[in-house]
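The values are calculated or read from the model by the stated rules, or taken from the named source; none is laboratory data. Just so we're clear, the structure is a prediction, and the values are computed from it rather than from any experiment. Don't worry about glycine lacking a Cβ; one is built from the backbone with ideal geometry, like all the others, and counts go over all protein chains shown. Note: accessible area is taken over every heavy atom of the protein model, side chains too, but ligands, DNA and RNA are not part of it. Shrake-Rupley method; radii C 1.70, N 1.55, O 1.52, S 1.80 Å.
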Amino acid sequence: MPKIIAVNPEKPDLETLKKATDVLREGGVCAIPTETIYGLAADYTNENAIKRIFTLKGRPEKKPILLLLGELEQLKLVVREIPPVAEKLMARFWPGPLTIVMQARAEVSPLLTAGTGKIGVRLSSHPVPTGIARLLGRPVTGTSANISGKPSCTSAEEVARIMPQVDLILDAGKAKEAIPSTVVDVTEEEIRIIREGKIKASQLLKALG
């Protein structure tokens, strides 16, 4: 069974975040809480760790993996440019459950982009993923903790049961709701809603005027 450490979802202590960050630096995979569901965090620059996530989830490699930022500054590490429409959405919905797909920098692994040259990024409103990515100094993966095609995990116990191979689970209690982030692609002239989640299409349209 994986190691499970309790974490305060509102004020996580630095020592706990450092333990998770150490696991990621060593190429490990952590299950962490987000403002929606539990996710699988790995260092986005570590290809072996990314491959482990695909194995853990039984996920086809044709499916991309989104990244969680520690702060806005980390965007420049993974995207080529920030379109004006993305800036509007970020100003309205970040930090929060909106994943924005933009053109990826060349050095971003094709495993994360599924070979599309695009990467989904999000600045979470949850202090655990943002704290870990900030300590690490770069984004972490934020794909949902679940077997591909199955419901997402909403508790640490659930993650431990279906994914006993993860290196560490940060237990913040049961997720308040199992609604994933909304995903929008802003790489074309018109934005495309890939997945409607916690933020509704009407809210996006209103924010864009």
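So is L136 surrounded by 19 or more Cβ atoms within 10 Å (Cβ to Cβ) and under 15 Å from the mean Cα position of the chain (by Cα) or not?
Working: surrounded by 19 or more Cβ atoms within 10 Å (Cβ to Cβ): yes; under 15 Å from the mean Cα position of the chain (by Cα): yes.
For L136, the condition - surrounded by 19 or more Cβ atoms within 10 Å (Cβ to Cβ) and under 15 Å from the mean Cα position of the chain (by Cα) - is met.
In the stretch 170-209, what count of residues is obtained for those that are in a strand (DSSP E or B) and either open to solvent by 60 Å² or more (accessible area, probe 1.4 Å) or of a type in the set (K, R) (or both)? Can you show your working first?
We begin by selecting, within the stretch 170-209, every residue in a strand (DSSP E or B); these are 170-171, 182-185, 192-195.
In the following step, the residues that additionally are either open to solvent by 60 Å² or more (accessible area, probe 1.4 Å) or of a type in the set (K, R) (or both) were identified as 192-195.
So the count comes out to 4.
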For helices (runs of 4 or more DSSP H) lying entirely in the stretch 28-103, having 1 or more residues that are crowded, with 22+ Cβ neighbours inside 10 Å and over 15 Å from the mean Cα position of the chain (by Cα) picks out 47-57, 84-93
Take the stretch 147-201 and flag every residue that is free of Cβ contacts under 8 Å to residues at least 60 places away in the same chain and among the β-branched types (V, I, T).
I162, I193
Within the stretch 141-151, does at least one residue satisfy the condition of being open to solvent by 60 Å² or more (accessible area, probe 1.4 Å), farther than 16 Å from V29 by Cα and modelled with pLDDT of 95 or more?
no
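Based on what the data block shows, is A160 open to solvent by less than 70 Å² (accessible area, probe 1.4 Å) and at pLDDT 95 or above?
Here the answer is yes, as A160 does meet what is asked.
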Please state which of the following conditions G117 fails to meet, knowing it meets all the rest: (1) of a type outside the set (S, T, Y); (2) without any contact (Cβ under 8 Å) to a residue 40 or more places away in the chain; (3) at negative phi.
(3)
